[in-house]
1. With respect to the numbered conditions (1) modelled with pLDDT under 90; (2) surrounded by fewer than 17 Cβ atoms within 10 Å (Cβ to Cβ), which one is the sole condition not fulfilled by B:Phe292?
2. Considering only region B:234-250, I want to know if a residue exists there that is in a loop (DSSP other than H, G, I, E, B), in contact (Cβ under 8 Å) with a residue 12 or more places away in the chain and more than 14 Å from chain A (Cβ to nearest Cβ).
3. Give me the helices (runs of 4 or more DSSP H) completely within region B:1-113, filtered to those with at least 3 residues that are away from chain A (no Cβ under 14 Å) and surrounded by 15 or more Cβ atoms within 10 Å (Cβ to Cβ), ordered by residue number.
4. Quick check: is even one residue across region B:256-264 surrounded by 17 or more Cβ atoms within 10 Å (Cβ to Cβ), in the same structural domain as B:Ile35 (by TED's automatic domain parsing) and either modelled with pLDDT under 90 or closer than 18 Å to B:Leu360 by Cα (or both)?
5. Scan region A:57-93 for residues that are more than 9 Å from chain B (Cβ to nearest Cβ) and part of a strand (DSSP E or B) and jot them down.
6. Restricting attention to region A:211-232, which residues are within 24 Å of A:Val47 (Cα to Cα) and outside any loop (DSSP other than H, G, I, E, B)?
7. Among the residues of region B:301-319, is any farther than 23 Å from B:Leu36 by Cβ, of a type outside the set (S, T, N, Q) and surrounded by 13 or more Cβ atoms within 10 Å (Cβ to Cβ)?
8. Could you say which residue among A:Gly43, A:Gly16 is small (Gly, Ala, Ser) and touching a Lys or Arg at 6+ places or on another chain (Cβ under 8 Å)?
Amino acid sequence: MSEAVIQVENLTKKFGDFYAVKNIDFEVERGEVFGFLGANGAGKTTVMKMLCGLITPTSGKAMVAGFNVFGQQNEIKKNIGYMSQRFSLYEDLTVIENITFYGGIYGLTNAEIKERAYRLIEMHGLGEVKNQLLASLPLGWKQKLAFSVALIHRPQIVFLDEPTGGVDPITRRQFWESIYEAAHSGITLFVTTHYMDEAEYCDRISMMVDGEIKGLGTPTELKQLHHAKNMDEVFVNLARKKEFIE
Amino acid sequence: MRIILFIIRKEFRQIFRNKAMLPIIFIIPMIQLLILSNAATFEIQNINIVVVDDDNTVTSHRLISKLEGSPYFNLQEVLNNRQNGLKKLDKGQTNMVLEIPLYFEKNITNHIPVKLQLSADAIDGVKAGLGSGYIQSIVSEFGNALIQVSGQTTAIGGVRISYSYWYNENLDYKTFMVPGILVLLITMIGSFLSGMNIVREKEIGTIEQLNVTPIKKHQFIIGKLFPFIVIGIFELSFGLALARIIFHTPFIGSFWLIIAFALVYMLVVLGIGLLISTITDTQQQAMFISWFFMVIFILMSGLFTPIENMPLWAQKITLFNPIRYFIEVMRMVMLKGAGFQEIKYHFLIVGGYGVALLSLATWRYRKTT
């Protein structure tokens, strides 16, 4: 009973003469944790921004939550959550103020905001810091909050752009537990990362090299295909292939 | 509507949490009013003058003592050699040299017209112009007094001009400056703060999180700009109160008419701020561009130099200057008591300007690139 919530066909983004993303195809199913891997500059963030309606693709087709990335961006935005690579909540507001603000922006009622804020704070263990300004919190806590905010309006899909960049292994572990928890409740998670151990946590992954998808499948499938012990080797293999061709 | 309220609440929280903000709102207006209105005066006093007295008679001494008694002049020296006087002018040791010719007294007694020569250092044109004016009035007063003394008033049949200054009876420059300075104040607050506020969200990346929400352009823009309308109007009222208490600036017209005009004017100012924020990526760029326009707008506003004195092409440019209209309205309403009828075109022009700028800025603002 699989159902695709993201369908991408021949998607391309050019900046001037440069192909940031070149004719990529993939599908993501509901409830999946989909890992979107690639080296720095491979085009991951560009794909994610196209799917979130932040930039318009040059050509191709893409449907997100049943809406077209050409022209229906606002419909898409109602159905997705997004956590940017750069921490992008307000440092001069408290935890609870940030959550309330985004709840309000997504058009939730006061009762809904209150109830969901309470649940998210419980879920991510933010209770003791909820009245502190973000500026005073360590990065790990801010990341958890950013994830909470991305979930506040109960989106169908959440896009996480390198969510665990720069945090310690324990916090990363906890973060992935929250990701699974969200996936269990039926939310689709689209995650970019360049930690290869994290790739193993995903249901399926795709590997991007220079704007193109060079590998797609479950971690086990990919490891078998490339006769690799772990994802690190798969990654090196794919990236090196490119060097040979050149 | 609810969404807009959420944005407004967030903006106010952030504005008042910013430690630099309260001083900007309260201290800057006071400093501007106190310093600018006292310093920016067109009145000129203490013009340095040297007199070359070739005549050296009782009459010439009387004229010199008149000059000495005038508050406008500072009589530095009385010489008897023309060259020495001009040398002083060359070296910049004096502003003016007045030469009283030989036979000054004799010619006056014989009713022969006499000519005095005034040489002025005109590098500061305003000082030179005003100084000559003052000398002229002192000399002609002196002449009239002489004529009256000799009982020949009728022979001259002179036309006497008597002055009465309307709307600013004491020719108090503060009365003239204060309304204009208040306009500058809300212009700067409105355009700088609003523009920088939006660019700041770009700089720290928070705009991306907003752009990925289904928030509508107009909700974002109204929510962002509304707090600055409140601050601007508050600022203006605060400034008007200060002007009243400290400078006793008259306020003949309606306070509410000024506020109504200020509301319309804020659309222009915020439109400028928003437009600048859409074409810049950092606060530095925004500041630089705002400052560039602000200097032109301020210098061409009629605040420091009368628009009537500008060349025709420059006068035409001032028609595009929103500051000019508000300064006119302030002076008309505060000092002359003008009502809505007298300033309805100002309303129309500034209103149109505001709508045009805001539409342009809204159109330029992109959630998706």
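The values are calculated or read from the model by the stated rules, or taken from the named source; none is laboratory data. Since this is a predicted model, take the numbers as computed values, not measurements. When we count neighbours, we look across all protein chains shown, and the Cβ atoms used for this are built from the backbone with ideal geometry, even at glycine.
1. Condition not satisfied by B:Phe292: (1).
2. Within region B:234-250 (the criterion being in a loop (DSSP other than H, G, I, E, B), in contact (Cβ under 8 Å) with a residue 12 or more places away in the chain and more than 14 Å from chain A (Cβ to nearest Cβ)), the answer is yes, since at least one residue qualifies.
3. So the answer is B:21-31, B:58-69, B:82-90, B:104-109.
4. There is at least one residue in region B:256-264 that is surrounded by 17 or more Cβ atoms within 10 Å (Cβ to Cβ), in the same structural domain as B:Ile35 (by TED's automatic domain parsing) and either modelled with pLDDT under 90 or closer than 18 Å to B:Leu360 by Cα (or both).
5. Hits for region A:57-93 are A:Ser59, A:Gly60, A:Lys61, A:Ala62, A:Met63, A:Val64, A:Phe67, A:Asn68.
6. A:Glu212, A:Ile213, A:Lys214, A:Gly215, A:Leu216, A:Gly217, A:Pro219, A:Glu221, A:Leu222, A:Met231, A:Asp232
7. Yes, the conditions are met somewhere in region B:301-319.
8. After applying the criteria, what remains is A:Gly43.
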